[in-house]
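> Handing you a structure now.
The values are calculated or read from the model by the stated rules, or taken from the named source; none is laboratory data. Bear in mind the structure is a predicted one, so any value in this text is a computation, not a measurement. Heads up, the Cβs are rebuilt from the backbone with ideal geometry, glycines too, and the neighbour counts pull from every protein chain shown.
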Amino acid sequence: MSNLQALLWDVDGTLADTERDGHRVAFNSAFSQAGLEWHWDAELYGQLLKVTGGKERIRYFLERFNTGWERPADLDRFIAELHRRKSEIFVTLMEEGLIPPRNGVIRLIDEAAEAGLRLAIATTTTPANVEALLSRFFGHKGKHPFELIAAGDVVPAKKPAPDIYLWALEKMDLQPRACVAIEDSHNGLRSATAAGIQTVIITVNGYTSEEDFTGASLIVDQLGEQQSPARVLGGAADHASLVDLGLLRRLHTLS
Ligand code: XBP
Ligand code: MG
């Protein structure tokens, strides 16, 4: 009998494919509005995703890919302001509704909420981004079923550090073994695992499909819908075509 109590959800790449057509576009608009001739194409952005957190990603870009750029005296402040503008642009993009939830996401969230499971978000993205996305997917602000949104700078170290998961577990007074985490990336898997969560489901996307997911309980190409079944890429569920609560409970019992 599974004692599964909660599902902890990543956002970017998991709830929706926000990176290439959302965050990347918002970064580029912020750069151009600031008069910077920087452009992150889809391929470069894939490399930059190695570092989570938008401010951290800009810094990584400067350190690794744009070392010749003359830095302002107060680089931290410059990056923070650039990122503030990027976040405003991203929220506007989300409000326009151009990025839909991934297949099976709303189905599984609804199923879990109806079954009385607790639901939370654990992400490195800015809280306003999550609010905008959830408002779009579940109707106006606050209508979503998540009891906690753990996001952004509430902890100093972003994924792959375990901090954001540990923060959420503490706030919810939950044991890591009572949870399943749903992630799309190697960094996310490492973060959840390091927090003690033993059942991690990975839904890969274009940017993460080649990453190392050793230790994940299940790897799928999507959570799946009746008309659009999930393809199992790894884990103990060979013939599953939908990631539903029954499957999550089985995997949770096994791990
Ligand atoms: C998400 C991120 C975030 C977003 C950008 O990682 O790395 O940085 O790309 O968001 P995960 P901000 O899905 O593992 O949480 O610019 O708001 O930081
Ligand atoms: Mg992610």
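> Answer yes or no as to whether Ala194 is assigned by TED's automatic domain parsing to the domain that holds Glu111, of a type in the set (A, V, I, L, M) and surrounded by fewer than 18 Cβ atoms within 10 Å (Cβ to Cβ).
Numbers: assigned by TED's automatic domain parsing to the domain that holds Glu111: yes; of a type in the set (A, V, I, L, M): yes; surrounded by fewer than 18 Cβ atoms within 10 Å (Cβ to Cβ): yes.
Answer is yes for this residue.
> Go through (1) within 16 Å of ligand 2 (Cβ to nearest atom); (2) over 27 Å from Glu210 (Cβ atoms); (3) more than 16 Å from the chain's Cα centre (by Cα); (4) small (Gly, Ala, Ser) for Ala194 and report which single condition fails.
(2)
> Give Arg118, Arg85, Arg57 a once-over and let me know the one that is within 30 Å of Ser2 (Cβ to Cβ) and not hydrophobic (A, V, I, L, M, F, W, C).
The unique qualifying residue is Arg118.
> Given the criterion near ligand 1 (Cβ under 10 Å from one of its atoms), surrounded by 12 or more Cβ atoms within 10 Å (Cβ to Cβ) and either part of a loop (DSSP other than H, G, I, E, B) or β-branched (Val, Ile, Thr) (or both), identify the matching residue among Lys86, Lys50, Lys55.
Of the residues listed, the single one that is near ligand 1 (Cβ under 10 Å from one of its atoms), surrounded by 12 or more Cβ atoms within 10 Å (Cβ to Cβ) and either part of a loop (DSSP other than H, G, I, E, B) or β-branched (Val, Ile, Thr) (or both) is Lys50.
> One residue is enough: does the stretch 64-73 have a residue meeting the conditions more than 30 Å from Gln5 (Cα to Cα), aliphatic (A, V, I, L, M) and part of a helix (DSSP H, G or I)? Outline the logic, then answer.
Filtering the stretch 64-73 down to residues more than 30 Å from Gln5 (Cα to Cα) leaves 64-73.
Among the residues that remain, those that are also aliphatic (A, V, I, L, M) are: 73.
Remaining after also requiring part of a helix (DSSP H, G or I): none.
Looking for residues that are more than 30 Å from Gln5 (Cα to Cα), aliphatic (A, V, I, L, M) and part of a helix (DSSP H, G or I), one finds none in the stretch 64-73, hence no.
> A further question on this structure: Hey, can you tell me all the residues within the stretch 90-124 that are out of contact with any Lys or Arg (no Cβ under 6 Å at 6 or more places or on another chain), in a helix (DSSP H, G or I) and aliphatic (A, V, I, L, M)?
Val91, Leu93, Val105, Ile106, Leu108, Ile109, Ala112, Ala113 - these are the residues of the stretch 90-124 that are out of contact with any Lys or Arg (no Cβ under 6 Å at 6 or more places or on another chain), in a helix (DSSP H, G or I) and aliphatic (A, V, I, L, M).
> Take the residues in the stretch 9-35 that are hydroxyl-bearing (Ser, Thr, Tyr) and within 16 Å of ligand 2 (Cβ to nearest atom); name whichever of them is surrounded by the fewest Cβ atoms within 10 Å (Cβ to Cβ).
Filtering first and then ranking leaves Thr18.
> Yes or no: Tyr165 assigned to a helix (DSSP H, G or I) and either touching a Cys at 6+ places or on another chain (Cβ under 8 Å) or within 12 Å of ligand 1 (Cβ to nearest atom) (or both)? First the steps, then the outcome.
Working: assigned to a helix (DSSP H, G or I): yes; either touching a Cys at 6+ places or on another chain (Cβ under 8 Å) or within 12 Å of ligand 1 (Cβ to nearest atom) (or both): yes.
It is true that Tyr165 is assigned to a helix (DSSP H, G or I) and either touching a Cys at 6+ places or on another chain (Cβ under 8 Å) or within 12 Å of ligand 1 (Cβ to nearest atom) (or both).
> Just checking, how many residues over the stretch 145-154 are away from ligand 1 (no atom under 12 Å from the Cβ) and either part of a loop (DSSP other than H, G, I, E, B) or on the phi > 0 side of the Ramachandran plot (or both)?
Total meeting the criteria: 3.
> Let me ask something additional. What are the residues in the stretch 222-255 that are out of contact with any helix residue (DSSP H, G or I) (no Cβ under 7 Å at 6 or more places or on another chain), closer than 29 Å to Asp21 by Cα and crowded, with 18+ Cβ neighbours inside 10 Å, if any?
Gln222, Gly224, Ala230, Val232, Leu242
> Another question, then. Quickly run through the stretch 163-197 and pick out the residues that are more than 20 Å from Leu4 (Cα to Cα) and free of Cβ contacts under 8 Å to residues at least 40 places away in the same chain.
Asp163, His186, Arg190
> Taking the residues in the stretch 125-144 that are in a loop (DSSP other than H, G, I, E, B) and crowded, with 19+ Cβ neighbours inside 10 Å as candidates, determine which candidate is farthest from ligand 1 (Cβ to nearest atom).
Per the stated criteria, the residue is His144.
> Of the conditions (1) within 21 Å of His252 (Cβ to Cβ); (2) part of a loop (DSSP other than H, G, I, E, B), Val180 clears all except one; give me its number.
(2)
> Sticking with this structure for a sec: Filter the stretch 1-47 down to the residues that are within 8 Å of ligand 1 (Cβ to nearest atom) and either closer than 30 Å to Ala115 by Cα or without any contact (Cβ under 8 Å) to a residue 40 or more places away in the chain (or both) and list them by number.
Asp10, Val11, Asp12, Gly13, Thr14, Thr18
> Please go through the stretch 168-189 and pick out each residue that is surrounded by fewer than 24 Cβ atoms within 10 Å (Cβ to Cβ) and either within 11 Å of ligand 1 (Cβ to nearest atom) or acidic (Asp, Glu) (or both).
Scanning the stretch 168-189 gives Glu170, Asp173, His186, Asn187.
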